[in-house]
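Presented below is the structure to which this report refers.
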Amino acid sequence: MPLPDSNLPTSSQPWGREVEKRLEALGESVTLNEINNSARDAISQTNITNLLKLMADQVELVTYSTEIPGTQVINFTSPLSELTRNMKQLDINILLNKPRRLLINYSTYYEIYIQTLANGDTTTYGFDFKVYVDGVEVDSQYVLKNNGKTFTNTLTYDNNSINAIKLVPVSAGAHVISVTMTVKGSPPSGGGTMDINIIGDNLIVTVIE
């Protein structure tokens, strides 16, 4: 905005010109500050947006864990029996905002107790388990044992752990990780009983960048 014509006497005009220069410099400084403030605000907003995105991204990089506590006892009294266990309790639901990789780890422990009625008996038992992502099988194992031992009418014991580890890429969105297991067994051939104890099923899923 231009200043009005000067009505100052000649002796005061140098002073007036100095005031005019300072007012112009002040106006330029205000304008420059406004430009700098706008640029700074834009940078700050960008930094905040990027930080929020990074925080949201890091929040997904967590580990989920479920378990079936206690012991499930399965008794086999007839040859070639099998039981499909209810393992719905292990299901893990995950929601992702971008494609990721899932490190899936399923583990459990079993104990076998066999009581025979005759010498020279044999038994067979096994565990057929599968790991699924959204209903699609991504891993499976069949653990089969036939001890072929000669029993002497005493209680026979076996134990071991079962483990499966699988790295699976997944898309953004909702996912369900689940496990199924079928336990198969045949009691001693000459008569007797076989009990299989399944202890501490555990499913752990870690979301990886």
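What follows is calculated from the coordinates using simple rules that are stated; it is not laboratory data. None of the values given here were measured: they were computed from a predicted structure. Here Cβ is always computed from backbone atoms with ideal geometry, including for glycine, and neighbour counts include all displayed protein chains.
Taking Lys and Arg as +1 and Asp and Glu as -1, the other residues whose beta-carbon sits under 13 Å from that of Asn163 total -1. Mean separation of Cα pairs under 8 Å and 6 or more residues apart, divided by the residue count, gives region 63-208 a relative contact order of 48 percent.
Here r is the Cβ-Cβ distance between Ala174 and Asn197 and R0 is 30 Å; the resulting FRET efficiency, rounded to 0.05, is 0.30. Ranked for footprinting exposure by Cβ neighbours inside 10 Å, fewest first, Ile198, Ile204 give Ile204, Ile198.
Among Tyr109, Tyr142, the ranking by other beta carbons within 10 Å of each residue's beta carbon, starting with the fewest, stands as Tyr142, Tyr109.
Grab the beta carbon distance between Asp128 and Leu167, set R0 = 25 Å, and tell me the FRET efficiency rounded to 0.05. Efficiency computed from Cβ-Cβ geometry: 0.70.
Length gained on full extension, Glu111 to Thr84: 8.0 nm, using 0.36 nm per residue less the C-alpha separation. Think of each Lys and Arg Cβ as +1 and each Asp and Glu Cβ as -1; about the Cα centre, that makes the dipole of region 63-208 roughly 400 debye.
Computed over neighbours whose Cβ is under 13 Å from that of Thr71, the net charge equals -3, Lys and Arg +1, Asp and Glu -1.
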